[in-house]
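A short worksheet on the structure shown next.
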Amino acid sequence: MSLSKTPNGINNAARLYAGTECVAEQVIWAQSWWEQLRGVIGRHLAPTNALLIPGCSQVHTAFVAYPITVAFCRAEGEGGATWRVLSVQTLPPWNVSRHVRGATLAIEMPLGSPLRGVSVGDLLTETLRI
């Protein structure tokens, strides 16, 4: 499924890239149903951290204390570590994103993160640090 799947969902050895630009220095996977529902509620994400929510085509920001940028993606290829961006949305607290047909992954980052520079059609790749 992904390079960074670990028991706690956090992998300091994985980064997220859009082409050659590093979008996230640390990748956090929401692995359980509860983690996916919770999203960034009660979490302070650094601008260089990304929360990845598999199987997600719409998110909410109820109880989220800060605005976020969300990229909705679909898997590309067979490796499971590359995704095509279908939509990029900015959400203030207490809002619901548009539903994105075909999305299989949501990537949440704080507003102002490098994710804001990602465009529809871009390829995002999770890679291990060497």
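Rule-based calculations on the coordinates, nothing more; no lab input. Keep in mind it's a predicted model, so treat the numbers as computed, not measured. Cβ coordinates were reconstructed from backbone atoms using ideal geometry, including for glycine residues, and neighbour counts include every protein chain displayed.
Determine the calculated [θ] at 222 nm for the chain from helices alone, applying -39500 (n - 2.57) to every DSSP H run no shorter than 4 residues and normalising by the residue count; nearest 500 deg cm²/dmol.
-1000 deg cm²/dmol
Estimate the FRET efficiency between V120 and R43 by the formula 1/(1 + (r/R0)^6), using the beta-carbon distance for r and 30 Å for R0, to the nearest 0.05. If you can, show how the numbers build up before the last one.
Values: r = 26 Å, r/R0 = 0.88.
According to the calculation, E is roughly 0.70.
Using the count of nearby Cβ atoms within 10 Å as a rough guide to exposure, how do S119, S57 rank from fewest to most? Don't jump to the answer; show the numbers that get you there.
Numbers: S119 9, S57 19.
By the 10 Å Cβ count, ascending, the order reads S119, S57.
Looking at region 63-130, which chymotrypsin sites (Phe, Trp or Tyr not before Pro) are DSSP coil and have at most 16 other C-beta atoms within 10 Å of their C-beta? Numbers along the way, then the final one.
On the way: sites: F63, F72, W83, W94; in loops: F63, W94.
Answer in residue order: F63, W94.
Taking the chain as a Gaussian network, where each spring joins two C-alpha atoms under 10 Å apart, which residue of I41, I107, I28 fluctuates the most?
I41
Near L16, within a Cβ-to-Cβ distance under 11 Å, what is the net charge of the other residues, with Lys and Arg +1 and Asp and Glu -1?
Numbers: positive: R15; negative: E21, E25, E126.
Counting the neighbours of L16, the net charge comes to -2.
Taking Rh as the Kirkwood radius, which is the inverse of the mean 1/r over Cα pairs, what is the Rg/Rh value for region 10-128?
0.92
Karplus couplings for region 89-94 from phi (6.51 cos²θ - 1.76 cosθ + 1.60, θ = phi - 60°), rounded to Hz, Gly and Pro as x?
Per residue, the Karplus-derived 3J(HN,Hα) values read 10, 10, 10, x, x, 6 Hz.
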